[in-house]
Amino acid sequence: MAQAEVSMKPTEIQGGHGHPDKWKWYDYFTFNVDHKVIGIQYLVTSFLFYLVGGFMAVLMRTELATPDSDFLSPELYNAFLTNHGTIMIFLWIVPAAIGGFGNYLIPLMIGARDMAFPKLNALAFWLNPPAGLLLAASFFFGGGAQSGWTSYPPLSEITANLPQTLWCLALIMVGTSSILGSVNFLVTIWKMRVPSMAWDQMPLFCWAMVATSVLALFATPVLAAALILLIFDINFGTSFFKPDAGGNVVVYQHLFWFYSHPAVYLMILPIFGIMSEVIPVHARKPIFGYKAIAYSSLTICLVGLFVWVHHMFTSGTAPWMRIFFTISTLIVAVPTGIKIFSWTATLWGGKIRYTTAMLFAVGLLSMFVFGGLSGVTLGAAPFDIHVHDTYYVVGHFHYVLFGGSVFGIYAGIYHWFPKITGRMLNEPLGKVHFVLTFIGTLLTFTPMHNLGMQGMPRRVAMYDPQFADLNQLVTVGAYILAVSVIPFYFNVIWSWIKGAKAGPNPWNAMTMEWTTDSPPIIENWEVLPVLTHGPYAYGMEQADQVGPAGEPLATPRS
Amino acid sequence: MKQIPAPFWTLVLGIAVTLISLWVGQNHHLLPVQASEQAPLVDDLFNVMVTIGTALFIVVQGAIVYSLIRFRQPKGDDTDGLPIEGNLPLEAFWTAIPAVIVVGLGLYSVVVFQEMGGFSPGGHHGQGAMMAMAPQPSVIDVAPLIAQTEAGEDVYSKTQVYGFGASPLVQMNQPDVTVNVTGMQYAWIFRYPGTGITDGELHIPVGQDVQLKIEAQDVIHSFWVPQFRLKQDALPGEPAELRFVATREGTYPVVCAELCGAYHGGMRTQVIVHSAEDYAAWVASRVAEAAPTTAVAQSAVDATDAEYLAKIAPELAKASVQIAQSTPTHP
Ligand code: HEM
Ligand SMILES: [Cu+2]
Ligand SMILES: [Cu+2]
C-alpha cells in the first residue's frame with residue numbers, strides 16, 4: 001500500500017487538560033465513558049465468565065466420563081449445557097473480542113481520542129453484567145434454562161418456564177448491547193480516523209470490526225424478534241411456535257439461525273483481525289495481501305448472511321433450500337481460505353519471533369485449517385445429514401471456537417497486554433500456558449469427530465457404552481484445558497502488578513496504538529499522531545521516517 | 001539439493017501428497033458399516049472430501065511448519081524479514097483453486113442428494129392408484145396412505161413433506177413397507193398400518209423399499225440410524241418421510257438426535273433388518289399375538305402415555321419424572 005501523505009498539522013489537544021492523567025482503580029467499576037476503561041471492563045468481565053463457562057464444561061465432561069448419568073441429574077446436565085454454550089458465546093467471546101479488543105483498540109488504531117458516542121458505549125457495556133445476573137438467577141428460580149443455546153420450541157416452551165424467560169431476557173440484553181456497540185464502531189471508524197489515514201491504510205483489525213458491526217446490525221434484531229415471540233408464547237398464551245394451536249416450529253429456527261449463523265462470523269471476524277495484527281509484528285513482515293484480507297472480511301460478512309439454513313438440513317427444509325444453502329455455505333470457504341493462505345504467506349520469508357502471542361497465533365492458524373476443513377464437510381448437505389446434531393459437530397465448532405476464537409483472544413492478550421497495563425507478561429509462563437492449551441485442545445476436541453460419525457448424538461447426559469473409551473480420552477483432555485488456564489490467570493494478575501515495564505512499543509510494531517504511552521494517557525495522545533507509514537511497513541524504508549514531534553513513530557530498524 | 005531444480009521437488013512433493021491423500025480418503029475407517037442404499041453415496045462424497053481435505057491439510061500445515069523452522073529469527077538478528085506485500089498471480093491462484101473445489105463439491109452434493117431421493121419426499125409416488133377413494137384436499141395424492149393410517153394421523157394431507165423420498169429409480173412405485181414413526185419423550189413408536197402392530201423397535205425387511213412416515217407428538221425429535229446415514233427431524237405438526245432400502249441384515253441403533261428434554265440421551269432403540277422370510281414370520285407372529293386381543297391394540301390409541309409406554313418400554317414407564325414431562329395429548 002502506498003505510503004501515507006502527511007496531510008495535516010497535528011491536531012491541538014481538545015480539552016484534555018484538567019483531567020486526571022490516570023484513572024483510579026474504582027473508576028473501573030463506574031459508568032466510565034473512556035473507551036480504554038470500557039475495553040478493560042469488557043475484557044475482565046468476559047474472562048470471569050470464561051471461568052464460569054469453563055467450570056460448567058468441566059462438570060459436563062465429568063458426567064460424560066461414564067455412559068450413565070451418575071454425576072449430574074439429566075436436568076442439571078441440560079442446564080449446564082445450555083448455559084455453558086450461552087455464556088461462552090454471548091458473555092465470553094463476543095464481549096472479549098468485540099467489546100474488549102474493539103473498544104480498547106479501535107480509537108487507538110485510528111488516532112482518535114475516544115469512540116464516537118462514549119456514553120452509548122458505556123451503556124452497551126453495562127447491559128452485560130445484568131444479563132449475566134439473569135442467567136445466574138435462572139439457576140435459583142427453576143434450575144436454569146434447559147433447552148440448549150438454540151432453545152427450539154416446543155421444548156423451550158414446555159421445560160421450566162421462568163428460567164427460560166430469564167434466559168430470553170438475558171439474550172435480548174446482550175443483543176441490544178451488541179447493536180449499540182456496532183453503531184458506535186461504524187461511526188467511529190467512518191468519521192474519526194486521523195485525517196491522514198485513508199481507508200486502505202487502516203489496520204486490518206479495523207476492517208474486521210467494520211465487517212463485524214455490519215453483520216451485527218443486520219442479524220441481531222432478528223434474534224431479538226424471535227426471542228420476544230418466544231417470551232410471548234411462554235408467558236402470554238400466544239402460539240407463534242405452538243404446532244397444536246396453528247403455530248410453526250420451523251419459523252423459530254429460521255429466525256434463530258438468521259442471527260446465529262452470522263453470530264459465528266461475529267465471533268471469528270474480530271479474531272481474524274487480531275491475527276492480521278499479531279502475525280506481521282512477530283514475523284517482522286508486511287501482511288501478505290492487505291486488500292485481499294480486507295475484502296475477504298466483507299465477503300464473509302455478505303455471504304454469511306445467506307447460509308443459515310445449513311443448520312436446518314435435517315429439519316423442515318425444502319429440497320431447493322438444502323441445495324441453495326449447500327452451495328452458499330461452501331462458498332464461504334473461499335474468502336476464509338484466502339485469509340489462511342495470506343497469513344501463511346506472511347510467515348514465509350519472515351524473521352519469526354517465538355513469542356507467546358505468536359505461538360497462539362500460529363496455533364490458531366493450524367487449528368483453523370482443520371476446523372475449516374471439517375466445516376466444509378458439514379456444508380455438503382448429504383454428509384451433514386449423517387452427522388448433524390452429533391459430536392462431529394461439537395468437535396468441529398469447538399475446533400473453530402476454541403482453536404480459533406480462544407487462541408486468538410489469548411494471542412491478542414499476550415500481544416496487547418503491555419499496551420493495556422504498561423507491563424510485560426511473563427514469557428516462560430506463557431509458553432507453559434500455550435503448550436497445555438494446545439495439547440488439551442487436540443485431545444479434547446479431535447476424538448469428538450470420531451464419536452459423532454460412529455453414532456453418538458450431542459446434548460446427551462447418557463450415552464451408549466460403546467463410546468465410553470473415547471469419551472474418557474475427551475474428558476482427560478478437558479481436564480488438561482482446565483489446568484491450562486491456571487498459569488494464564490496467575491500470569492496476568494502477577495504481571496499486572498509486578499511485570500517488567502513495557503515502554504511504549506515493546507514489539508517494535510507499526511500500528512498507531514504503539515505511538516503512545518503504555519498504558520495510554522486518558523485522551524490517548526498529547527498531540528494526535530500523523531500517519532507517516534502504513535500499518536505493516538516492516539523492512540521498508542519509509543518505516544524509518546520520523547513523526548511530527550521529531551520522535552520516531554517506530555523505533556528505527558538497524 | 002542445490003543442483004536439483006525446484007520444479008523437480010515440487011513435482012515429487014505433489015505426487016507424494018496426492019498419493020497420501022488418496023490413500024487416506026479410502027482407508028480412514030471413520031464411518032460405521034453401510035446398511036442402506038444411501039450409505040455408499042454419502043460415504044463416497046465424504047471420502048472425496050477427506051481426500052481433498054487431507055491434501056489441503058498437508059500442504060497448508062506443511063507450509064506453516066516449514067516457515068516456522070526455516071524462517072525463525074536468527075540469534076541476535078533484529079532486522080525485519082522481506083518486505084513482500086503480495087503477489088497477484090499467487091493470490092488469484094489460491095482463490096481460484098478453492099473456488100473450483102467448492103463449486104465441484106457443491107454440484108457433487110446435489111447429485112448425491114438427488115440420488116438419495118432428496119427431491120421427492122411426499123412426492124408423486126402411487127400417482128393414480130386408488131384414485132376412486134375420497135379425494136383429499138391437497139395436491140399430493142395421499143389417499144392410499146391415508147386409507148392405511150390410523151385415526152389422528154392425517155398430517156400427511158399437508159402439501160409439504162420433508163425428508164427423503166423415493167430415489168429417482170423407484171419414484172413411481174409404491175413402497176413395499178410403510179411404517180408410521182412417532183417420536184415422543186422419550187421413545188420411538190412404530191406402527192404398521194393395516195396390521196395393528198405397534199412396537200418400540202423397528203423391524204424391516206432387507207432389500208425392500210421402506211417408507212417411514214415420521215411425526216412427533218410433543219417436541220422435536222430426530223430419527224437417526226447411523227448405519228443408514230439417514231436422519232430426519234420429527235417435527236410436531238410437520239409431516240416428514242424417510243424412504244430407503246436396507247441393504248444389510250442386522251440390528252442397528254435408532255438414535256434421537258435432537259435435544260428433546262432431560263432424557264434425550266436415553267431415547268434409543270433398535271432397527272432390526274430381517275431377511276424377507278424372517279420379516280414375514282415376525283409380522284405373522286405379531287399379528288397372531290394381536291388378533292385375540294384386538295381390544296387392547298385398539299385401546300392403545302386412546303391410552304395415556306404411561307399406559308402406552310408400559311406396553312412398549314416398561315423401563316421408561318416406571319420413571320415417573322419422564323412421564324410427567326410428556327404432554328397428555330396422545331392422539
Ligand atoms: C474447556 C473447554 C471446553 C470444553 C471441555 C467444552 C465442552 C463442551 C461440551 C461437553 C459440550 C456439550 C456438547 C453437547 O452435548 O452437545 C459443549 C457445548 C458447547 N460449547 Fe463447549 N467446551 C469448551 C469450551 C467452549 C468454548 C470456548 C466455547 C466458545 C464459544 C464453547 C461453546 C459451546 C457451545 C456453543 C456449545 C453448544 C451448547 C448447546 O448445544 O446448547 N465451548 N462444550
Ligand atoms: Cu427425542
Ligand atoms: Cu432427543
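The values are calculated or read from the model by the stated rules, or taken from the named source; none is laboratory data. Note that the structure is predicted; figures quoted are calculated from it, not measured. Cβ: placed from backbone, ideal geometry, glycine included. Neighbour counts: every protein chain shown. Heads up: the accessible areas ignore ligands, DNA and RNA and are worked out on the full protein's heavy atoms, side chains in. Shrake-Rupley method; radii C 1.70, N 1.55, O 1.52, S 1.80 Å.
List of remarks:
- Listed peptides B:82-90, A:333-341 appear in the order A:333-341, B:82-90 once ranked by packing, highest mean of other Cβ atoms within 10 Å at the front.
- Table column - 3J(HN,Hα) (Hz), segment B:276-283, Karplus curve with 6.51, -1.76, 1.60, x for Gly and Pro: 4, 5, 4, 5, 4, 4, 4, 4
- Interface residues in segment A:460-501 - accessible area drops by 10 Å² or more relative to the isolated chain, probe 1.4 Å: A:V460, A:M462, A:Y463, A:D464
- B versus A: buried accessible surface, summed, Å² (probe 1.4 Å, to nearest 100): 7400
- Share of carbon and sulfur in the accessible area of segment A:145-198 stands at 73%, probe radius 1.4 Å.
- In terms of the mean number of neighbouring beta-carbon atoms within 10 Å, the peptides B:219-231, A:375-387 order highest first as B:219-231, A:375-387.
- Cα centroid separation - segment A:248-262 against segment A:63-82, whole Å: 27
- Ranked by the mean number of other Cβ atoms within 10 Å of their residues, highest first, the peptides A:61-71, A:181-191, A:163-173 come out as A:163-173, A:181-191, A:61-71.
- Prolate is the label for segment A:479-545, because the ratio a/c of its alpha-carbon gyration tensor axes (a ≥ b ≥ c) is 1.5 or higher and a/b is greater than b/c.
- Expressed as a whole percent, the accessible area of segment A:49-112 that falls on carbon and sulfur atoms is 78 (1.4 Å probe).
- The protein assembly as shown - share of DSSP beta bridges that are antiparallel (%, nearest 5): 70
- Value of [θ]222 nm, deg cm²/dmol, for chain A, DSSP H segments ≥ 4, -39500 (n - 2.57) each, nearest 500: -20500 deg cm²/dmol
- Seen against the Cα atoms of chain A and their longest principal axis, helix A:468-498 is set at about 30 degrees.
- 1.4 Å probe, heavy atoms, protein only - residues of segment A:377-397 losing at least 50 Å² accessible area vs chain alone: A:P382, A:F383, A:I385, A:H386, A:D389
- Charge tally in the Cβ shell below 10 Å around A:S239, where Lys, Arg are +1 and Asp, Glu are -1, A:S239 excluded: -2
- Projected-area average for chain A over all orientations - Cα convex hull basis, square nanometres: 24.7
- The portion of the accessible surface of segment A:328-402 made up by carbon and sulfur, rounded to a whole percent, is 81 (1.4 Å probe; DNA, RNA and ligands excluded).
- Above-threshold pairs, the threshold being 18 Å between Cα atoms, out of A:K22/A:K191; A:K36/A:K119; A:K291/A:K339: A:K22/A:K191
- Inter-chain shielding of A:337-350 (mean C-beta neighbours from other protein chains, 10 Å cut-off): 6
- Using a probe of 1.4 angstrom and keeping all protein chains present, the accessible surface of chain A works out to 32 square angstrom per residue.
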